[in-house]
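The values are calculated or read from the model by the stated rules, or taken from the named source; none is laboratory data. What you see is a predicted model; the values in this text were computed from it and never measured. Neighbour counts run over all protein chains shown; Cβ positions are idealised from the backbone, glycine included. Side chains are part of the model used for accessible areas, which takes the heavy atoms of the whole protein and leaves out ligands, DNA and RNA. Shrake-Rupley method; radii C 1.70, N 1.55, O 1.52, S 1.80 Å.
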Amino acid sequence: MEFSAPPRDWRAWPQWLRETPGSNVLVLRAFLGVTFVVASLQKLANPAFFRASDPTGIEATMKSAQNFSPIGGLLGPAIHVATLVGVVIAFAELAVGLGTLLGFRARLAAGGGMVLSLMFFLTVSWSTTPYYYGADIVFFFAWTAIVLGGPGSFSVDAWLETRRTEALKATPTGKRPAVDRRAAVRKMGITAGLATFAAVFGGMTSAVGRLVSNSSGGGTASSATLAGGPGASPTTGGTGTTGPTGTTGSKGTPKGRRIGPASDVPVGSAAPFTYQGVSAYVVRPQQAQFVGFSRICTHEGCTVNYVHSTQQFLCPCHGSIYSALTGDVISGPAPLPLPKISIAEATDGQLYAN
Ligand code: FES
């Protein structure tokens, strides 16, 4: 690939860039590369991501995605090795990001980026509506520019190609030598160097993250499970006319659908259930008080998790936090509170959602 050195006069740079082959993907490469490296380092520096009990961790995210993802069935076996899956994803993102930034094996790296983006789209972003609000589908198609067109100039791939072409010109026959041992050794050296750099850098950030986490502590999720929890089908309740009108438990035969016994929700805890096909939580702040909320984040539709230590709902996708008492947004990008579901307790101790 032919390209000239940048001109001394910076005002001539736009013209130079226009005439330099492949420079049109430079900005895209920089953005995708930096984004994937940052995403990887954020995971590696956050031990909670790998912790099975953490509501923001990879295991909780996979379990949430199981409820709505079109590949939810495939997630089942993977959940048993969720921490390993998290480690593989983090290092794959790092390799993809570095390969793209350096332009080294860039088509392969971009192919890996497509696979990761597709996987994220089919899981955490799948419930996002409309579909173009989710970033992963956009990432998926952005990678195609590099897969199809290559990394262009200012890349290790282009430099290696130039070296190969020059070496060919220098041979008496102009043909590629049968085995270019020095080039092969050099390539292996570069590959090993990059892999070592990624491993060392990843290990260091993971260690730093662990230190930070140990000094600050971390919340854990704790929730009971109603008989009508996720995956279970709530039975239809009675048809009494004195249904619940608020979030405080009322005796009698409430309207709505029976979701399970109140005794399954200890005071100060929460239990998941399914209401009209939507994943939801019933929270029990006090002995006779039950409040229900949809678990679908109002930002991009991920499934929130209950955090017992803070009595909040936490979205694993972009970190929105909601009050588990009111459903109001406490922080994060979520634009609206979680939709409420009226919960009432019947005289027989069963809970009804309406
Ligand atoms: S989906 Fe983005 S914060 Fe919940």
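Each row is one residue, and each column tells you yes or no for (1) outside the structural domain of His318 (by TED's automatic domain parsing); (2) part of a helix (DSSP H, G or I); (3) more than 22 Å from Arg107 (Cβ to Cβ).
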| site | (1), (2), (3) |
| --- | --- |
| Pro14 | yes, yes, yes |
| Val27 | yes, yes, no |
| Ala30 | yes, yes, no |
| Lys43 | yes, yes, yes |
| Arg51 | yes, no, yes |
| Gly76 | yes, yes, yes |
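So which pairs qualify, if the first residue must be in segment 323-334 and under 14 Å from Glu300 (Cα atoms) and charged (D, E, K, R), the second must be surrounded by fewer than 18 Cβ atoms within 10 Å (Cβ to Cβ) and modelled with pLDDT under 95, the Cβ gap must be under 6 Å, and the two must be at least 6 apart or on different chains?
Pairs that qualify, where the first residue is under 14 Å from Glu300 (Cα atoms) and charged (D, E, K, R) and the partner is surrounded by fewer than 18 Cβ atoms within 10 Å (Cβ to Cβ) and modelled with pLDDT under 95: there are none.
Please enumerate the residues belonging to segment 121-138 that are open to solvent by 40 Å² or more (accessible area, probe 1.4 Å) and within 30 Å of Ser23 (Cβ to Cβ).
Tyr132, Ala135, Val138
So if I check each of Ser40, Ser53, Ser64, which one is of a type in the set (Ser, Thr, Tyr), buried (at least 22 other Cβ atoms within 10 Å of the Cβ) and modelled with pLDDT under 80?
Ser64
Give the residue that is least open to solvent (accessible area, probe 1.4 Å), with candidates limited to residues of segment 67-108 that are aromatic (Phe, Trp, Tyr) and within 30 Å of Leu26 (Cα to Cα).
Going through the qualifying residues, I end up with Phe104.
Scan (1) under 22 Å from Ser53 (Cα atoms); (2) under 19 Å from the mean Cα position of the chain (by Cα) for the single condition His299 breaks and write down its number.
Unmet for His299, out of (1) under 22 Å from Ser53 (Cα atoms); (2) under 19 Å from the mean Cα position of the chain (by Cα): (1).
Among (1) open to solvent by 30 Å² or more (accessible area, probe 1.4 Å); (2) within 16 Å of the ligand (Cβ to nearest atom), which single condition is Gln289 missing?
For Gln289, the failing item is (2).
Here's the yes/no breakdown for (1) in contact with a Pro (Cβ under 8 Å, 6 or more places away or on another chain); (2) more than 13 Å from the ligand (Cβ to nearest atom); (3) farther than 17 Å from Thr274 by Cβ; (4) in the same structural domain as Gly86 (by TED's automatic domain parsing):
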position: Cys297; (1), (2), (3), (4): no, no, no, no
position: Cys302; (1), (2), (3), (4): yes, no, no, no
position: Val307; (1), (2), (3), (4): yes, yes, yes, no
position: His318; (1), (2), (3), (4): yes, no, yes, no
position: Ile330; (1), (2), (3), (4): no, no, yes, no
position: Pro335; (1), (2), (3), (4): no, no, yes, no
position: Leu338; (1), (2), (3), (4): no, no, no, no
position: Asp348; (1), (2), (3), (4): no, yes, yes, no
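Working only within segment 16-36, note down all residues that are open to solvent by 20 Å² or more (accessible area, probe 1.4 Å) and β-branched (Val, Ile, Thr).
If the condition is that a residue be open to solvent by 20 Å² or more (accessible area, probe 1.4 Å) and β-branched (Val, Ile, Thr), then Val27, Val34, Thr35 are the ones that fit.
Within segment 143-154, can one find any residue that is under 18 Å from the mean Cα position of the chain (by Cα) and either under 24 Å from Gln42 (Cα atoms) or part of a helix (DSSP H, G or I) (or both)?
Checking segment 143-154: at least one residue is under 18 Å from the mean Cα position of the chain (by Cα) and either under 24 Å from Gln42 (Cα atoms) or part of a helix (DSSP H, G or I) (or both).
Go through (1) farther than 30 Å from Phe273 by Cα; (2) among the aromatic types (Phe, Trp, Tyr); (3) assigned to a loop (DSSP other than H, G, I, E, B) and name the single condition Phe91 misses.
Evaluating Phe91 over (1) farther than 30 Å from Phe273 by Cα; (2) among the aromatic types (Phe, Trp, Tyr); (3) assigned to a loop (DSSP other than H, G, I, E, B) leaves (3) as the failure.
From the set of residues in segment 268-286 that are among the hydrophobic types (A, V, I, L, M, F, W, C) and within 16 Å of the ligand (Cβ to nearest atom), which is surrounded by the fewest Cβ atoms within 10 Å (Cβ to Cβ)?
The residue in question is Val278.
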